[in-house]
1. Taking the Cα centre of the range 368-458 as origin, work out the dipole magnitude from +1 charges on Lys and Arg Cβ and -1 charges on Asp and Glu Cβ, in debye rounded to 20.
2. Between LYS109 and LYS234, what is the FRET efficiency for a Förster distance of 51 Å, r being their Cβ-Cβ separation, to the nearest 0.05?
3. How large is the convex hull of the Cα atoms of the range 158-265 per residue, expressed in Å³ as a whole number?
4. Work through the residues other than PRO279 whose Cβ is under 12 Å from its Cβ and net out their charges, Lys, Arg +1 and Asp, Glu -1.
5. Round to the nearest 0.05 the FRET efficiency obtained for MET458 and LYS224 when R0 = 25 Å and r is the Cβ-Cβ distance.
6. Within the range 158-265, how many Lys pairs that are eight or more residues apart, or on different chains, come under 16 Å at the alpha-carbon?
7. Could you derive backbone 3J(HN,Hα) for the range 404-419 from the dihedral phi with the Karplus parameters 6.51, -1.76 and 1.60 (θ = phi - 60°), listing whole Hz in sequence and x where the residue is Gly or Pro?
8. Once you charge only the Cβ atoms, +1 for Lys and Arg and -1 for Asp and Glu, what is the size of the charge dipole of the range 273-356 about its Cα centre, to the nearest 20 debye?
Amino acid sequence: MYDLIVIGGGPAGYVGAIRAAQLGKKVACVEVERAGGTCLNWGCIPTKALLKNAELYQTLTKKGKEFGLSFDNLQYDWTSVIGRSRKVSGRLAGGIEFLFKKNKVDYIKGYGSVTAPNRVEVTAADGTQQTIEGANILVTTGCKSRELPPLPFNGKSVISSKEAMILPTQPKSMVIIGAGAIGVEFAYIYNAFGTKVTIVEMLPNLLPVEDDEIGAALTKSFKKQGIKCLTSSKVIGTQDNGDSVTLTIENAKGTQEVTADVCLVAIGVAPVLPGGMEPELDRGFIKVGDRYETSIPSVYACGDISGPPWLAHTASFEAVQCVEGLFVEGHTPRKVGNFPGCTYAHPQVASVGKTERALKEEGIDYKVGNFPYAAIGKAQASGDTEGFVKLLFGKEHGELLGAHIIGENATELIAEMGLALEMECTTDEIHGTIHAHPTLAEAIHEATLDADGHALHM
């Protein structure tokens with residue numbers, strides 16, 4: 001009898017399993033594919049490897065002369081580009097399997113079904129079955145790419161993000177439906193290597209969940225890079241031609257057809273439920289209570305399977321909270337509050353807290369601090385001056401309400417703002433924090449000064 005059986009080995013599952021084992025519990029983790037889940041094997045990690053390749057190639061081809069570099073016939077090997085991404089993913093997946101051994105977590109390969117409140121049936125790839133029992137079961141089965149009904153995935157001309165990472169041949173053209181983080185990241189990757197990319201988004205800007213000013217800046221940047229951005233546009237017709245896809249697009253200018261070798265559908269995710277007993281659902285996702293409990297006794301759920309924000313770092317946070325709620329006396333599990341959102345294109349985008357749009361809708365009085373990368377010495381030295389830091393503070397008390405960054409290393413800079421938000425830091429407290437020179441983080445300090453009308457370098 002296990003103290004905890006975890007179904008799913010992604011960022012929620014493996015973290016929850018390891019944390020329970022650290023607490024001295026007997027733990028099993030059931031995973032149908034490889035440890036790490038979608039994030040490590042088919043999402044967060046391999047895409048970042050591809051992005052690094054794309055960024056390096058684009059820097060050498062577009063900015064080589066600026067850095068005094070010259071070369072003849074710079075080329076890339078698409079197979080090696082994809083291969084490097086898979087190697088990085090494989091290496092880290094192996095690392096998680098090592099951590100399972102180190103923490104004495106039983107790693108069971110197969111498809112898990114909850115056949116009773118304390119029982120899981122595991123079906124291996126060869127069809128053999130075994131039944132394991134546990135005092136508690138944690139479901140962390142995650143999500144998969146959502147299909148566009150009239151245009152089902154075929155793995156060749158109509159693909160999900162998974163296939164986009166392993167296309168054996170680079171397409172000459174690609175149309176992407178959806179301008180969230182996945183759509184934006186792949187638009188950048190393929191465009192950097194010379195694929196003709198068109199991205200279609202129903203709302204006015206790319207990354208519509210971000211602050212409007214950030215989304216508008218990214219849209220402008222992508223257009224400069226040669227990416228065709230059809231925003232405020234709707235797909236009203238689809239045709240899979242076998243070796244290409246044709247979309248009929250409608251917007252304020254009328255209708256047009258876009259034909260591309262490959263169509264990447266990036267319109268969100270759908271839940272992946274375990275087999276067996278089905279708990280109460282909310283819009284297809286598992287409904288959970290304050291302690292991550294489901295409607296089935298002794299069965300819990302967290303991560304993507306329990307609904308948005310569908311991020312690896314929030315999934316891991318929830319898993320730790322759930323497990324400690326189960327096994328640490330007196331611990332009250334927390335739900336996700338403020339969390340950073342990151343998009344790894346070029347320029348990078350990162351945010352935490354409220355957008356200006358949300359503050360207006362909620363009737364909150366605020367002040368804005370804004371500072372451009374171009375006025376930062378480190379940005380000038382690195383040759384990457386595109387972007388800015390935008391900070392939102394309460395008007396009366398000066399507390400940080402939201403932070404929004406577009407530019408080089410935005411995804412690293414946002415950690416400071418997440419801590420500041422969690423600690424309810426004010427403009428005075430950020431003013432009083434010395435930011436090293438020369439660093440990009442100086443833009444945070446200057447944006448804070450700007451909120452009070454006295455930025456020093458602008």
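1. The calculation lands at about 220 debye.
2. 0.75
3. 89
4. -3
5. Approximately 0.65, to the nearest 0.05.
6. 8
7. These are the phi-based 3J(HN,Hα) values: 9, 10, 10, x, 3, 6, 4, 5, 8, 5, 5, 4, 4, 6, x, 5 Hz.
8. Value, rounded to 20: 200 debye.
No lab work stands behind these numbers, since they all come straight from the coordinates. Everything quoted here is computed from the prediction, not taken from an experiment. For neighbour counting, all protein chains shown are included, and Cβ atoms are generated from backbone atoms with ideal geometry for every residue, glycine included.
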